[in-house]
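Asker: There's a structure below that I have some questions on.
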Amino acid sequence: MLFAESAEHAELRAMVSSFLAEQLPERLSGSADALDRSWSQVVELGLVGLLVPEELDGQGGDLADASVVLQEQGACLAPIPLLATTTVLGALVATGSAAGRAAAAELCRRGASAALAFAEDARLDDLRHPRTVARAEEGGAALTGTKRYVIDAGTADVFLVSASWEGRPELFVVRRGAGVEVVAEPTLDQTRPLSTVVLDGAWAERVSGPDGRGVEDAVDLLYTALAAEAVGAAGRCLAMTVQHLRDRVQFGRPLGTFQALQHRCADLATSLDAATAALGNAVRTWGTPAHRVAAPLAFAVAQEAFTSAAAETIQMHGGIGFTWEHDAHRYFKRAASTELLFGSSRRLRRLVAERAGLFAPAV
Amino acid sequence: MTTDRAVDDLRAEIRAWLAANLTGDFARLVGTGGPGSEHEDFDLRREWERRLGEGRWIGVGWPVEHGGRGASLPAQVAFHEEYARAGAPARVNHMGEQLLGPTIIEFGTVEQQERFLPPILRGEELWCQGYSEPDAGSDLAGVRTRAVMRDGRWHVTGQKVWTSLAQFADWCFVLARTDPGQERHRGLSYLLVPMRQEGVEVRPIVQLTGTSEFNEVFFDDAVAEEIVGAPGDGWRVALGTLAYERGASTLGQQIGFRRELDAVFAAARENGAIDDPDVRDRLTDAWIGLELLRDQAVASLAADGDPARGSISKLLWSHWHRDLGELAVDVLGAQGALAVSDPYELSAAQRLFLFSRADTIYAGASEIQRTIIAERLLGLPRGGGR
């Protein structure tokens with residue numbers, strides 16, 4: 001652990017970590033019963049509704065708590081829809097709309113899992129310009145369009161969807177049912193289920209905040225959640241690698257005594273430390289204008305730290321790092337897949353520059 | 001960042017004091033001094049140090065019983081931030097205030113505390129650090145400067161190098177070998193040597209900037225009457241000095257960094273380099289890098305003072321600063337290949353570019369910092385041959 005944390009967070013972290021370690025083999029077996037069971041336990045442990053206040057039947061935690069949980073989920077690449085559900089719940093509450101808050105409360109009461117359905121094709125900017133259309137209908141809307149690369153759609157009871165409403169991208173809640181077809185896709189990263197979700201006149205509730213806000217805020221929260229996951233995963237990669245360097249003996253001494261390897265580990269620790277600090281800043285600024293810069297910044301930096309840590313983990317493990325049996329490839333693929341799905345760090349850095357107004361014409 | 005009343009009060013107090021005192025003759029000191037520019041207006045900055053002493057602004061973090069204000073870490077940060085914000089000149093007695101003073105407080109006798117602390121607090125005695133030698137840089141335990149006891153006093157002979165401001169210092173704290181029978185970090189002692197005596201000669205080293213901040217110091221049977229800690233205890237005392245958290249001043253350092261970054265942005269706007277997408281990406285990276293320095297320093301204040309974490313800070317800021325130096329001249333393009341005038345006057349961007357090459361070397365080279373991180377923070381086994 002690179003930073004000291006509060007006793008409460010340390011306790012939460014330990015609890016989540018051991019729970020996930022127990023759950024993993026069951027979850028990977030993939031049976032529907034096993035998935036349901038582990039999700040029920042996650043709900044029971046109070047890990048899901050952290051971003052929902054108690055008066056809405058949530059846990060009444062904050063983003064700092066959720067960050068700890070998501071870091072641990074990232075650390076073991078746990079294939080449970082915790083990131084998706086946490087983000088959806090947090091986004092719903094953050095809209096401030098009556099419909100958004102009511103939806104969050106309902107999801108918490110039901111112990112439902114959710115998925116964020118924003119992306120449509122391989123381009124990043126469609127997150128802000130959805131082609132999925134929302135047409136006004138009795139008390140709500142009917143959504144038509146195709147969402148792709150939806151994380152954890154297979155187990156989701158509910159979808160948070162971005163759709164074009166009166167020419168603006170707005171937020172809608174769609175329940176699994178008529179007009180919703182979920183098609184699971186084969187994936188490069190088998191720890192992260194992805195699906196295509198086809199909406200054909202699916203009934204939806206509009207949950208946007210004032211002035212139709214919600215989509216960008218939800219994406220920023222997603223960036224923060226992904227940053228937490230990346231920090232946890234990078235930390236686990238570094239720990240695995242350090243342990244390997246201590247155990248593995250070649251040329252009559254542990255690999256960790258070779259300075260070149262020591263220094264590369266030090267560089268990983270340094271970038272992880274900076275990423276953890278940036279994550280802390282993003283967590284602290286959620287709900288304020290500063291979050292618009294802090295979130296993509298944290299994600300860009302955390303993603304870079306994760307990508308290097310995962311790559312170095314394979315490299316420093318030598319031959320066994322290249323096998324299916326060893327976990328190294330799973331982290332490598334998670335890092336690569338996240339970057340492919342959500343944009344390269346260079347694009348994210350340009351987003352930071354844009355939001356910080358670095359190149360706005362001088363006044 | 002949450003602040004408490006004491007921090008806010010100190011911040012307000014120093015802000016007001018600086019506004020009232022960085023005036024008149026002292027006004028021209030704004031922005032002067034600092035790495036690569038230590039020669040700037042030194043005499044007046046020495047006087048400024050005395051003025052700071054009158055205002056009780058030296059030793060802000062020192063315990064109250066030793067003449068300081070006992071300020072908390074966040075309060076010290078606030079002091080450094082305001083000092084930097086006002087563009088107040090680089091201090092002339094960093095060695096005395098930040099290194100020797102705390103060492104005497106921790107390891108010195110009561111007599112030594114009474115003799116040496118007040119003149120530092122009054123800005124009257126300046127100190128330099130006698131650690132590195134030509135054959136002992138990163139490997140400090142290899143020091144060969146010798147000190148022998150004769151007639152109740154230590155007689156020091158040897159050579160120190162990379163001694164900042166030795167030409168101005170009144171005293172030098174010297175790590176010397178007092179027991180020739182012992183090797184490496186054993187048999188070393190921490191001696192206090194008056195600089196203005198016959199056996200001490202200072203020779204400036206010219207750096208690649210053409211300026212001389214650093215010196216060689218030759219001790220030829222120089223006399224020292226004070227030893228801090230017991231003979232043979234020098235390594236422990238010296239390491240105690242090195243471990244002192246510099247975190248408090250790094251947040252003030254970042255205000256200077258912000259100024260430098262703003263200047264690079266301004267230069268890029270002025271000559272149109274800012275329209276180059278590649279330059280924009282690098283400017284973005286520099287901006288993000290500074291945000292990370294701040295986030296990391298803020299997080300470090302909350303964490304414990306593990307010296308190994310200071311290694312991460314040092315790696316981050318020194319490499320950031322070096323990258324900024326490269327960006328600063330790249331923005332100038334071919335114009336960056338021309339000096340300002342003979343005999344070797346350089347622009348601020350060029351000075352930043354050249355002097356920042358030292359950032360990754362002094363105060364613990366990056367290679368050493370990485371080894372510290374690897375061994376002490378990550379728990380990797382100690383490298384071969386050590």
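Asker: Using only Cα atoms, find the angle between the long axis of helix B:5-21 and the longest principal axis of chain B, and express it within 0 to 90 degrees, rounded to the nearest 10.
Answerer: 80
Asker: For the modelled label position 7 Å from the Cα of B:ARG51 along Cα-to-Cβ, which residues of the range B:83-118 have backbone nitrogen atoms closer than 13 Å?
Answerer: Zone members listed by number: B:87-90.
Asker: Interface size between chain A and chain B, please: total buried accessible area, 1.4 Å probe, rounded to the nearest 100 Å².
Answerer: Approximately 3100 Å² gets buried when A meets B.
Asker: For a quick check, take a GNM of chain A with Cα springs below 10 Å and name the residue from A:ALA335, A:ALA114, A:ALA184 with the largest mean-square fluctuation.
Answerer: With Cα springs under 10 Å in chain A, the top fluctuation among A:ALA335, A:ALA114, A:ALA184 is at A:ALA184.
Asker: A follow-up question, please. Rounded to the nearest 0.05, what FRET efficiency do A:GLU354 and A:GLU55 give with R0 = 35 Å and r taken as the Cβ-Cβ distance? Could you check?
Answerer: Efficiency, from the Cβ-Cβ distance: 0.45.
Asker: I want the antiparallel fraction of DSSP beta bridges within the range A:82-195, as a percent rounded to 5.
Answerer: Just about 75 percent of them are antiparallel.
Asker: Summarise the partner chain shielding of B:310-323 as one whole number: the mean count of Cβ atoms from other chains within 10 Å of each residue's Cβ.
Answerer: 2
Asker: Restricting to chain A, compute how many DSSP beta bridges are antiparallel as a %, nearest 5.
Answerer: Expressed as a percentage, antiparallel bridges in chain A total about 85.
Asker: Calculate, for the protein assembly as shown, the solvent-accessible area per residue in square angstrom, rolling a 1.4 angstrom probe over the heavy atoms of the protein chains. If you can, show how the numbers build up before the last one.
Answerer: Working: 32030 Å² over 749 residues.
For the protein assembly as shown, the solvent-accessible area averages 43 Å² per residue.
Asker: Against the longest principal axis of chain A, how steep is helix A:291-317, in degrees 0 to 90 to the nearest 10, with axes from Cα atoms?
Answerer: Approximately 40 degrees, to the nearest 10.
Asker: Next question, about the same structure. Hey, with R₀ at 60 Å, roughly what FRET efficiency would B:ARG382 and A:GLU106 work out to, going by the Cβ-Cβ distance, to 0.05?
Answerer: Efficiency at R0 = 60 Å is approximately 0.55.
Asker: Along Cα→Cβ, 7 Å out, is where each label goes; now give me the distance between the ones at B:GLU124 and B:LEU208 in nm to one decimal.
Answerer: In this crude label model, B:GLU124 to B:LEU208 measures out at 4.3 nm.
Asker: Nearest 0.05, what FRET efficiency do A:VAL183 and A:ASP36 give at R0 = 30 Å with Cβ-Cβ as r?
Answerer: 0.90
Asker: Give me the one-decimal nm value for the distance between modelled label points at B:ALA339 and A:GLN243, 7 Å along each residue's Cα-to-Cβ direction.
Answerer: 5.8
Asker: Same structure again: Calculate the dipole size of the range A:235-294 relative to its Cα centre from +1 charges on Lys and Arg beta carbons and -1 charges on Asp and Glu beta carbons; express the result in debye to the nearest 20.
Answerer: It works out to roughly 80 debye.
Asker: A further question on this structure: Calculate the spin-label point distance for A:ASP200 paired with A:ASP121, positioning each point 7 Å from the Cα along the beta-carbon direction, and give it in nanometres.
Answerer: Here the modelled spin labels are 2.2 nm apart.
Asker: Among A:GLU55, A:GLU339, A:GLU22, whose mean-square fluctuation peaks in a Gaussian network model of chain A (Cα, cutoff 10 Å)?
Answerer: For chain A, modelled as a Gaussian network with Cα springs under 10 Å, the answer is A:GLU55.
Asker: Within 10 Å of each Cβ in A:250-257, how many Cβ atoms from other chains are there, averaged over the peptide?
Answerer: Values: counts 0, 1, 1, 3, 4, 2, 8, 8.
Across A:250-257, the average partner-chain Cβ count within 10 Å equals 3.
Asker: Is there a simple number for the mean count of other chain Cβ atoms within 10 Å of the Cβ of residues in B:278-284, and what is it?
Answerer: For this peptide, the per-residue mean of nearby foreign Cβ atoms is 3.
The values are calculated or read from the model by the stated rules, or taken from the named source; none is laboratory data. In this text the structure is predicted, and so the values were computed from the model without any measurement. Cβ atoms come from the backbone with ideal geometry, glycine included; neighbour counts cover every protein chain shown. Note: areas computed on protein heavy atoms with side chains; ligands, DNA, RNA excluded. Shrake-Rupley method; radii C 1.70, N 1.55, O 1.52, S 1.80 Å.
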